[in-house]
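Engineer: Got a structure for you, questions after.
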Number of protein chains: 2
Amino acid sequence: MEPSSREKILEVAEARFAQRGFAGVGMREVAQAAGLGKSSLFHHFESKAALYVAVLERVVERIEGHVLPTLSLGGNVAGRLDAAVDALVDSLGEHPTTARLLLRTLVEDDQLGSEPAGLVAAEARVHSLINAFVGLLREGAGTNELRAAAPAHAVQALIGAAVYHFASGDFGDAVLGRPVFSAESVASYRHELKQLLRSGLLSPSRAPKENLPS
Amino acid sequence: MEPSSREKILEVAEARFAQRGFAGVGMREVAQAAGLGKSSLFHHFESKAALYVAVLERVVERIEGHVLPTLSLGGNVAGRLDAAVDALVDSLGEHPTTARLLLRTLVEDDQLGSEPAGLVAAEARVHSLINAFVGLLREGAGTNELRAAAPAHAVQALIGAAVYHFASGDFGDAVLGRPVFSAESVASYRHELKQLLRSGLLSPSRAPKENLPS
DNA sequence: GTCTATAGCTAGATAGAC
DNA sequence: GTCTATCTAGCTATAGAC
């Protein structure tokens with residue numbers, strides 16, 4: 001079946017908001033790309049800010065759909081962390097605009113004047129996901145399965161590594177020498193990120209004590 | 001001595017571009033914050049895009065000022081990587097808008113219509129810095145000092161972890177429970193990021209072989 | 001649910017006095 | 001080097017016919 005107008009609008013709006021941000025996109029442009037007149041767009045979404053929030057909610061749902069199920073798994077912390085990281089990477093690697101929109105939410109304040117209904121809720125859901133990662137690391141540190149790191153800092157690094165990579169567009173393609181969103185690249189990054197979290201970069205043969213200065 | 005108009009403009013423009021992006025900031029707003037009329041601003045910068053490029057150039061210089069000197073150091077790869085990561089973190093932690101502007105450059109395409117002079121050059125300088133990190137990791141993999149990772153993917157993770165953290169604003173403050181840019185937080189993150197790159201998250205006592213599934 | 005028409009405003013940029 | 005005044009074009013949003 002062909003998509004409803006509402007779905008078509010969300011689709012093109014997501015692509016454009018991801019590329020140029022809230023302020024950089026006009027309602028006229030979105031309407032045209034969706035094959036509608038501008039006024040018809042305001043029939044489906046009462047304001048530009050409401051459209052943005054609707055786009056953001058879809059993105060958050062996409063990520064939650066992957067990550068939430070992994071949080072109720074059993075097993076040791078390392079295994080659950082692996083599963084959660086896999087899910088996060090998959091959710092970002094699956095759709096080329098997810099990471100960019102998430103990053104904008106994390107990094108930009110304001111943008112939409114006079115916070116519209118739903119924005120705070122969407123941000124809270126992102127916060128909740130982040131807190132799940134922090135809790136996991138804290139648990140691992142408590143049971144001594146992970147080293148006594150600063151869990152909040154490690155989670156910041158993890159989020160940055162995961163989200164930035166899939167938001168890096170042309171820059172990322174140039175660094176990799178191939179498309180970030182190719183199936184092989186996504187699989188490689190999933191592996192590489194878990195490996196980095198597990199045991200860093202040093203060769204196992206030289207790991208880790210003899211390289212620690214003090 | 002008090003700052004020239006040009007310096008004052010660059011200062012306020014950087015703060016606003018970092019917060020809301022190129023399209024989200026008006027010349028009127030910048031002028032007012034700099035204590036000038038809008039037309040005076042166009043006397044100093046021939047267009048909004050030219051102003052943005054000037055802001056970006058300052059940011060790139062700030063990062064180069066920290067990182068470039070570390071690239072000519074001697075010693076083993078792990079030591080040089082530590083020095084480069086320290087420099088990167090310091091350059092981002094020193095000024096609260098550096099990371100956000102760098103992130104926008106890495107993540108956003110287009111924005112400024114019909115690329116103004118200097119933009120391509122600034123992007124090339126960022127590329128060159130990234131390539132230095134890739135080269136360092138490649139060298140370490142060649143001498144077996146680092147495990148045979150995918151250097152490009154590892155660098156993507158490193159950049160994301162470093163840049164995102166200092167761009168994460170209120171979200172980062174909430175995750176940490178204290179300001180991202182406090183002196184202690186910057187020092188902690190510098191340490192944590194190096195530690196993560198060196199040996200990951202697992203406890204040294206359980207590291208790394210016995211946790212690898214295959 | 002889609003359209004045309006338009007209101008009301010702000011944007012980037014320019015002209016020219018001082 | 002700063003200003004006021006102005007141009008053109010874009011914006012979000014609304015009114016109301018069909």
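Engineer: Of A:Leu102, A:Leu136, which residue is modelled with pLDDT of 95 or more, more than 23 Å from A:Leu51 (Cα to Cα) and of a type outside the set (S, T, N, Q)?
Structural biologist: A:Leu136
Engineer: Mind telling me which of the residues B:Ala148, B:Ala152 ends up being at the interface with another protein chain (Cβ under 9 Å from one of its Cβ atoms), surrounded by 22 or more Cβ atoms within 10 Å (Cβ to Cβ) and small (Gly, Ala, Ser)?
Structural biologist: B:Ala152
Engineer: Right, another one. Going through region A:83-111 one residue at a time, which ones are more than 16 Å from A:Ser185 (Cβ to Cβ) and either surrounded by fewer than 19 Cβ atoms within 10 Å (Cβ to Cβ) or polar (S, T, N, Q) (or both)?
Structural biologist: Correct list: A:Ala83, A:Thr97, A:Thr105, A:Asp109, A:Asp110, A:Gln111.
Engineer: Tell me, which residue of region A:40-82 that is within 10 Å of DNA strand D (Cβ to nearest atom) and of a type in the set (S, T, N, Q) is nearest to the other protein chains (Cβ to nearest Cβ)?
Structural biologist: For region A:40-82, the residue satisfying everything is A:Ser47.
Engineer: Just checking, does region A:1-22 include any residue being hydrophobic (A, V, I, L, M, F, W, C), exposed (fewer than 15 other Cβ atoms within 10 Å of the Cβ) and without any contact (Cβ under 8 Å) to a residue 40 or more places away in the chain?
Structural biologist: Checked region A:1-22: at least one residue is hydrophobic (A, V, I, L, M, F, W, C), exposed (fewer than 15 other Cβ atoms within 10 Å of the Cβ) and without any contact (Cβ under 8 Å) to a residue 40 or more places away in the chain.
Engineer: Picking from B:Glu192, B:Glu123, B:Glu115, B:Glu184, which residue would you name as being charged (D, E, K, R) and over 20 Å from the mean Cα position of the chain (by Cα)?
Structural biologist: Just a single option satisfies the conditions, and that option is B:Glu115.
Engineer: Here is a further query. Within region B:115-133, count every residue that is within 9 Å of chain A (Cβ to nearest Cβ) and over 14 Å from A:His165 (Cβ atoms). Full working, then the answer.
Structural biologist: To start, the set of residues in region B:115-133 that are within 9 Å of chain A (Cβ to nearest Cβ) comprises B:123, B:126-127, B:130-131.
Remaining after also requiring over 14 Å from A:His165 (Cβ atoms): B:123, B:126-127, B:131.
Within region B:115-133, residues that are within 9 Å of chain A (Cβ to nearest Cβ) and over 14 Å from A:His165 (Cβ atoms) number 4.
Engineer: Let me ask something else. With A:Glu123, A:Glu184, A:Glu108, A:Glu192 as the choices, which residue is farther than 18 Å from B:Gly200 by Cβ and free of Cβ contacts under 8 Å to residues at least 12 places away in the same chain?
Structural biologist: One residue alone meets the criteria, A:Glu184.
Engineer: Filter region A:1-39 down to the residues that are within 9 Å of DNA strand D (Cβ to nearest atom), in a loop (DSSP other than H, G, I, E, B) and more than 14 Å from chain B (Cβ to nearest Cβ) and list them by number.
Structural biologist: Result: A:Gly37, single match.
Engineer: Need pairs with beta-carbon distance below 7 Å; first residue in contact (Cβ under 8 Å) with a residue 60 or more places away in the chain and within region B:50-66, second basic (Lys, Arg) and more than 16 Å from DNA strand C (Cβ to nearest atom); sequence gap 6+ or separate chains.
Structural biologist: B:Val60/B:Arg125; B:Glu64/B:Arg125
Engineer: Shifting gears a bit: Is there a residue being more than 16 Å from B:Gln156 (Cα to Cα), facing chain B (nearest Cβ under 7 Å) and in contact with a helix residue (DSSP H, G or I) (Cβ under 7 Å, 6 or more places away or on another chain) anywhere in region A:189-198?
Structural biologist: Yes, some residue in region A:189-198 is more than 16 Å from B:Gln156 (Cα to Cα), facing chain B (nearest Cβ under 7 Å) and in contact with a helix residue (DSSP H, G or I) (Cβ under 7 Å, 6 or more places away or on another chain).
The values are calculated or read from the model by the stated rules, or taken from the named source; none is laboratory data. For clarity, every value in this text was computed on a predicted model and none was experimentally measured. Counting neighbours? That spans all protein chains shown, and the Cβs are built from the backbone with ideal geometry, glycine included.
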